[in-house]
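Student: Quick one: the structure is below, questions incoming.
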Amino acid sequence: MAQQKLLQIYASSFRQNWTLPALTDFGSGATMTYADLARRIAASHMLFKALGVRQGDKIALMGKNSVEWVEIYMSAVTYGAVIVPVLQDFNVQDAQHIINHSGSVLLFITESIFENMEFEQLTAVKAVFSLERRAVLAEAPGMDGHARKFLDKLSDRMRRRYPHGFTTADVDYPDIDENNVAEINYTSGTTGFSKGVMLTLGNLKGNVIFGIDSRLHYRGSRCLSFLPLAHAYGCAFDMLVPLAVGTHVTLLGRLPTPKLLLKAFAEVKPNLIICVPLILEKIYRNKLRPILDKGYVRNIMRMPGLNKVLFRRIRQQLIAAFGGEFEEVIVGGAPLNPEVEAFLHRIGFPFTVGYGMTECGPLISYTPWRKFIPGSSGRVLPAIMEARIDGSPDPEKVSGEICVRGMNVMKGYYRNPEATEAVIDADGWLHTGDMGTISNGNTIFIRGRYKTMILSANGQNIYPEEIEAKLNNMPYVAESLVVERGKNLIALVYPDYEAVDRDKLGNTDLPEIMEKTRAELNRLVAPYERIDRIQLIANEFEKTPKRSIKRYLYNA
């Protein structure tokens, strides 16, 4: 399969899995087979051709996870167009900027989002289509209603084109150079700038081939897609890999609250779970920590025989909560809190932590859970990626910048050669901006971001993320940010007001509580990492659509 080009992998998958379920919107009761998906892709190709879309043209896509979202993404890529996924959480101004910057000629969008846009400001868009229903929402004046007329007759045109029905023999995708761009994914980074990451067919294929070879998904397996598909992480491992092997993908198009997720896990019983740390951290903080902090439970945990019984019971309950039939939980997108990670490892919960970034579409490193080393971010993908540590006298022990090279590394930033040259050097190494070490077994250990690293007065490197991870586990702390103010380390803290109310505390109690928290924190960190002051903030930190704190707003 590695010898096949990406589009031929999908053509083969659709033919081989023709009658199997492919896509379901959670709660809808309606399922699309691989035959249905292939047929709808063919109809979309007819529409694209009729509207003059050429290979390499951009098609923007903005909306929640849905069968229609997947259909348009796969239609664009298999046509040879460039898909431009836009996070539905972007504000309207940013979304319009992305659509214009990419030069998208078509836009498929959720109607409620488009209602707040100015179509006249979408400079290159010929037509706008609804993701909820087969309808044209707007057309450029020069189109003369052509999109509406063609769409109205599309079913008739399909019947005339395929008079004996659409069959496996009709699945045929173009033979395209895999160095061609397939997707432009606009990052929502914490530095305040959104850049268009150009991912080629080869970049996407590197992730897909690794997923296939690792049997992350397989024919007939089940997948629950609740991470945004507009992110590279969810896109690759909740859509691209599953559809390449014949997995049934159930799409959760609503906010994944704990209650809804538990219901979905129970119904779908996924065989693999792709998630971000926040989900496991919430379960640990809200469900497990209150139990573990009880006196008699702490006593049991210190007793070798009984603690194994306790840990086994907690593990079984956690596995059942996630549907009970998964091989492992893969955590990515952000660092997992060390305390949570240590506990899950101690009870034998089947999880692993991977490492990646949009610029690698996204995967850089991964290790199956049985071989996972706590504190690591997995092993560099063999035969696909290579890694090195820059600026370190001893890459196994002393942190330096993690640099990667290989099949998954992006082509560059769209229409931004300066930014591209700043991160990809002449030898093809991508400078990730992450600081860490690498073992002789090619396992990556991440310390923090290069741009957030603080140099102490005595020359020590301070990684704020490591301090924040400890602070965020302490009572009445919802989230935190460690910053430098002059020569002092200050922890900005947004309190856990739900816990404050639950314990019938007042805001006047918080300063004293936080001073005790600071003293406890300073016992856990190195002397040069000690916090001089905790400053409470009234509102949650400003975040990107990916829910990462916009650090640059607080570093001034």
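Student: Can you find even one residue in segment 446-467 that is modelled with pLDDT of 95 or more, part of a loop (DSSP other than H, G, I, E, B) and either open to solvent by less than 20 Å² (accessible area, probe 1.4 Å) or on the phi > 0 side of the Ramachandran plot (or both)?
Tutor: Checked against the condition, which is being modelled with pLDDT of 95 or more, part of a loop (DSSP other than H, G, I, E, B) and either open to solvent by less than 20 Å² (accessible area, probe 1.4 Å) or on the phi > 0 side of the Ramachandran plot (or both), segment 446-467 yields no hits at all.
Student: Only residues that are of a type outside the set (Asp, Glu) and within 15 Å of residue 490 (Cα to Cα): list them for segment 501-515, please.
Tutor: Correct list: 511, 514.
Student: Looking at segment 377-388 only, could you name the residues that are buried (at least 22 other Cβ atoms within 10 Å of the Cβ) and either more than 21 Å from the chain's Cα centre (by Cα) or not in a strand (DSSP E or B) (or both)?
Tutor: Correct list: 377, 378, 381, 387.
Student: Filter segment 210-230 down to residues that are over 16 Å from residue 356 (Cα atoms) and assigned to a helix (DSSP H, G or I) and give me whichever is least open to solvent (accessible area, probe 1.4 Å).
Tutor: This residue is 212.
Student: Check segment 336-349 and report whether any residue there is of a type in the set (Asp, Glu) and within 30 Å of residue 550 (Cα to Cα).
Tutor: yes
Student: Sticking with this structure for a sec: So which residues in segment 267-306 are over 18 Å from residue 475 (Cα atoms), part of a helix (DSSP H, G or I) and either open to solvent by 70 Å² or more (accessible area, probe 1.4 Å) or among the hydroxyl-bearing types (Ser, Thr, Tyr) (or both), if there are any at all?
Tutor: Answer for segment 267-306, where residues must be over 18 Å from residue 475 (Cα atoms), part of a helix (DSSP H, G or I) and either open to solvent by 70 Å² or more (accessible area, probe 1.4 Å) or among the hydroxyl-bearing types (Ser, Thr, Tyr) (or both): 267, 296, 299, 304, 306.
Conditions (1) closer than 30 Å to residue 422 by Cα; (2) open to solvent by less than 20 Å² (accessible area, probe 1.4 Å); (3) out of contact with any strand residue (DSSP E or B) (no Cβ under 7 Å at 6 or more places or on another chain), marked per residue:
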| position | (1), (2), (3) |
| --- | --- |
| 308 | no, no, yes |
| 334 | yes, no, yes |
| 337 | no, yes, yes |
| 340 | no, yes, yes |
| 373 | no, no, no |
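Student: Okay, moving on. Report yes if residue 323 is open to solvent by less than 50 Å² (accessible area, probe 1.4 Å), in contact with a Leu (Cβ under 9 Å, 6 or more places away or on another chain) and either closer than 16 Å to residue 443 by Cβ or in a loop (DSSP other than H, G, I, E, B) (or both), otherwise no.
Tutor: For residue 323, the condition - open to solvent by less than 50 Å² (accessible area, probe 1.4 Å), in contact with a Leu (Cβ under 9 Å, 6 or more places away or on another chain) and either closer than 16 Å to residue 443 by Cβ or in a loop (DSSP other than H, G, I, E, B) (or both) - is met.
Student: Here's something else I'd like to know. With at pLDDT 90 or above and open to solvent by 40 Å² or more (accessible area, probe 1.4 Å) as the only criterion, which of 547, 530 stands out?
Tutor: That would be 530, the only listed residue that is at pLDDT 90 or above and open to solvent by 40 Å² or more (accessible area, probe 1.4 Å).
Student: For segment 402-421, which residues satisfy the criterion of being of a type in the set (Gly, Ala, Ser) and at pLDDT 95 or above?
Tutor: Residues satisfying the conditions are 406, 412.
Student: Any chance you could count how many residues in segment 231-264 are open to solvent by 10 Å² or more (accessible area, probe 1.4 Å), part of a loop (DSSP other than H, G, I, E, B) and touching a residue at least 24 places away in the same chain (Cβ under 8 Å)?
Tutor: So the count comes out to 4.
Student: Okay, moving on. Can you say whether residue 70 is in contact with an Asp or Glu (Cβ under 8 Å, 6 or more places away or on another chain), outside any loop (DSSP other than H, G, I, E, B) and crowded, with 21+ Cβ neighbours inside 10 Å, as far as the supplied structure shows?
Tutor: no
Student: Please work out which residue is farthest from residue 549 (Cα to Cα), limiting yourself to segment 187-204 and to residues that are modelled with pLDDT of 95 or more and out of contact with any Leu (no Cβ under 7 Å at 6 or more places or on another chain).
Tutor: Within segment 187-204, the match that is farthest from residue 549 (Cα to Cα) is 202.
Student: Does any residue of segment 131-142 turn out to be open to solvent by 20 Å² or more (accessible area, probe 1.4 Å), outside any helix (DSSP H, G or I), farther than 15 Å from residue 59 by Cα and of a type in the set (Asp, Glu)?
Tutor: yes
Student: Continuing with this model, one more query. Among the residues that make up segment 491-503, is at least one of them touching an Asp or Glu at 6+ places or on another chain (Cβ under 7 Å), at pLDDT 90 or above, outside any loop (DSSP other than H, G, I, E, B) and surrounded by 14 or more Cβ atoms within 10 Å (Cβ to Cβ)?
Tutor: yes
Student: Which of the residues spanning segment 533-544 are open to solvent by less than 90 Å² (accessible area, probe 1.4 Å) and farther than 30 Å from residue 87 by Cβ?
Tutor: Scanning segment 533-544 gives 534, 535, 536.
The values are calculated or read from the model by the stated rules, or taken from the named source; none is laboratory data. Here the structure is a predicted model, which means the values were calculated and not measured. Please note: Cβ atoms are built from the backbone with ideal geometry, for glycine as well, and neighbour counts cover all protein chains shown. Each accessible area value is taken on the protein alone, full model and side chains, heavy atoms only, with ligands, DNA and RNA left out. Shrake-Rupley method; radii C 1.70, N 1.55, O 1.52, S 1.80 Å.
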